[in-house]
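Asker: Sharing a structure with you now.
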Amino acid sequence: MRLSPETLASLPAEVARPLYDRDAQAVGIVHFGIGAFHRAHQAWYTDAAMNTGDRDWMITGVSLRSPGVARQMNPQGGLYTVAEQSGDVPALRIVGSVRNVLVASEEPDAVIAAVAAPATHIVSLTVTEKGYCRTASGDLDFEQAHSLSFYYFVTQALLRRRNAGLPGVTLLPCDNLADNGAKLERLMLQYLARHEPDLVAWFEAHCTCPSTMIDRIVPATTDEDRAGIAQALGGLQDDACVVTEPFSQWVIEDKFAGPRPKWEAVGAQLVADVAPYETAKLRMLNGAHSALAYCGLKAGHTYVHEAVADPALHHLAETLMRQEAAPTITPAPNQNLAAYADALIARFANPALNHRLIQIAMDGSQKIPQRWLETLAENAAQGRTCPAILQAIAAWLHHLTGANGPVDDPLAEKLTAIVNRNPNPHDAATALFTDNGPLAGTWQPTAADRQTHYAWRMDR
């Protein structure tokens, strides 16, 4: 039997479940990119807010292309399990905040209608860095932003809202992009200027794009995870379950176009400026994560906790966070970067959380500019080198040879061709990052970088 509203009452008593009448709640949020991360984070916070008495914040999820998540969640009435892994027995909670999942490629009109509905106040996004369809210069890539991108669906829905006299919406990005709200606003305006120029002024007057910083480690769910959760649910199968760590952080710029859930009542931080938090996360957590991924794979490890247990890679992560990234960050009041680094190492070392390095290694070309290259640039401006990041770049170049298996990256074909044409790592980096390379403009290696010769060794 599957987990569903009909089988909810049969769950073991120790499994937490929704405390509100799901059928009595209206949909207030449409979320693009309803993967495991969203289910373990924003939907989890929204469920918690409704558990405290907040109302009418159910979520309609949208998968832009793949029907996989819809096939997992819709037969379960949108219900799924979040398993927090830290010891032998995970803490299980059934999350009820998702009403349904639409597949945009199969039912585009339903997606537009959901965003255009009067009760919808927030359109949120977890589409990964590549889902924003940006060029190397940060502008909108109109070729990528076609009729199956979120830009199209949001634009069509906003037209309906304006024509019906409805208010605008808050567009809430939940991806690892620095200053993601401002970036989303700029890209939306570029899309509108080309496709619906008459909507630009209305969008600027009635819609907002707050920046956010989200932090929770969510490994890909395995068959073993699903089997263990089914056993803990008294034999109920949950195809949409997710596993995560106990830690969770969500920092949100308090800039909404209309109503919003009371997320701050359940642990989210509403602030005037997200920048110090997002910079620390991108450069310290994500920067160390990517370094452990590429260097750990090169060293033969599979999981993050195995990589950070390797003394050499433990030192690499510590050096990157404390000596290279932290000095480039101006913290907010009461933001302790040393304590943050301590907490990150402890989280990485969690043996109950099997976070695969190959999962973190995906889409490197979209991630490393904000995770590593900005840190390199700021240190270079102060006359400092970053040997840990340079070592990580060498491991990424090694990864691009296919040494760890097929390269999962939107620029994979270009990247692998360049690296395989340039056996010398320094030559490969020069071809990638300078002149007309696919990452031109994101980093200019300095003479001091080139002199750190051990970092450019790449075993073939």
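The values are calculated or read from the model by the stated rules, or taken from the named source; none is laboratory data. For clarity, every value in this text was computed on a predicted model and none was experimentally measured. Here the Cβ positions follow ideal geometry from the backbone for every residue, glycine too, while neighbour counts run over all protein chains shown.
Asker: Kindly provide the set of residues from region 231-258 that are within 28 Å of Gly68 (Cβ to Cβ) and either in the same structural domain as Asn350 (by TED's automatic domain parsing) or assigned to a loop (DSSP other than H, G, I, E, B) (or both), ordered by number.
Answerer: If the condition is that a residue be within 28 Å of Gly68 (Cβ to Cβ) and either in the same structural domain as Asn350 (by TED's automatic domain parsing) or assigned to a loop (DSSP other than H, G, I, E, B) (or both), then Leu233, Gly234, Gly235, Leu236, Asp238, Asp239, Ala240, Cys241, Glu245, Pro246, Phe247, Ser248 are the ones that fit.
Asker: State whether the residues of region 192-212 include one that is in contact with a helix residue (DSSP H, G or I) (Cβ under 9 Å, 6 or more places away or on another chain) and closer than 30 Å to Val15 by Cβ.
Answerer: Yes, that holds for at least one residue.
Asker: Any idea which of Val115, Val111, Val200, Val154 is outside any loop (DSSP other than H, G, I, E, B) and free of Cβ contacts under 8 Å to residues at least 24 places away in the same chain?
Answerer: Val200 is the lone residue from the list that is outside any loop (DSSP other than H, G, I, E, B) and free of Cβ contacts under 8 Å to residues at least 24 places away in the same chain.
Asker: Restricting attention to region 119-135, does a residue exist that is more than 25 Å from the chain's Cα centre (by Cα) and surrounded by fewer than 21 Cβ atoms within 10 Å (Cβ to Cβ)?
Answerer: The answer is yes; a qualifying residue exists.
Asker: Here's another thing I want to ask about it. Name the residue that is surrounded by the most Cβ atoms within 10 Å (Cβ to Cβ), counting only residues in region 333-386 that are within 24 Å of Ser248 (Cα to Cα) and among the basic types (Lys, Arg).
Answerer: Taking the candidates together, the pick is Arg371.
Asker: Going by the conditions given, is Thr302 in contact with a Leu (Cβ under 9 Å, 6 or more places away or on another chain), modelled with pLDDT of 95 or more and surrounded by fewer than 21 Cβ atoms within 10 Å (Cβ to Cβ)?
Answerer: Taking the combined requirement at face value, the residue satisfies it.
Asker: Is there a residue in region 123-131 that is under 29 Å from Asp363 (Cα atoms), in a helix (DSSP H, G or I) and basic (Lys, Arg)?
Answerer: yes
Asker: Any residue in region 209-227 that's under 25 Å from Val123 (Cα atoms): show its pairings with residues that are basic (Lys, Arg) and in a loop (DSSP other than H, G, I, E, B) at Cβ separation under 9 Å, as long as the two are six or more apart or on different chains.
Answerer: Cys209/Lys255; Pro210/Lys255; Ser211/Lys255
Asker: Could you tell me whether Leu187 is of a type outside the set (D, E, K, R), in contact with a Gly (Cβ under 9 Å, 6 or more places away or on another chain), assigned to a helix (DSSP H, G or I) and crowded, with 20+ Cβ neighbours inside 10 Å?
Answerer: Yes, satisfied.
Asker: May I pose another question? Being buried (at least 18 other Cβ atoms within 10 Å of the Cβ), among the hydroxyl-bearing types (Ser, Thr, Tyr) and over 16 Å from the mean Cα position of the chain (by Cα) is true for just one of Thr279, Thr244, Thr319. Which residue is that?
Answerer: On the way: Thr279 fails: over 16 Å from the mean Cα position of the chain (by Cα); Thr244 fails: over 16 Å from the mean Cα position of the chain (by Cα).
The unique qualifying residue is Thr319.
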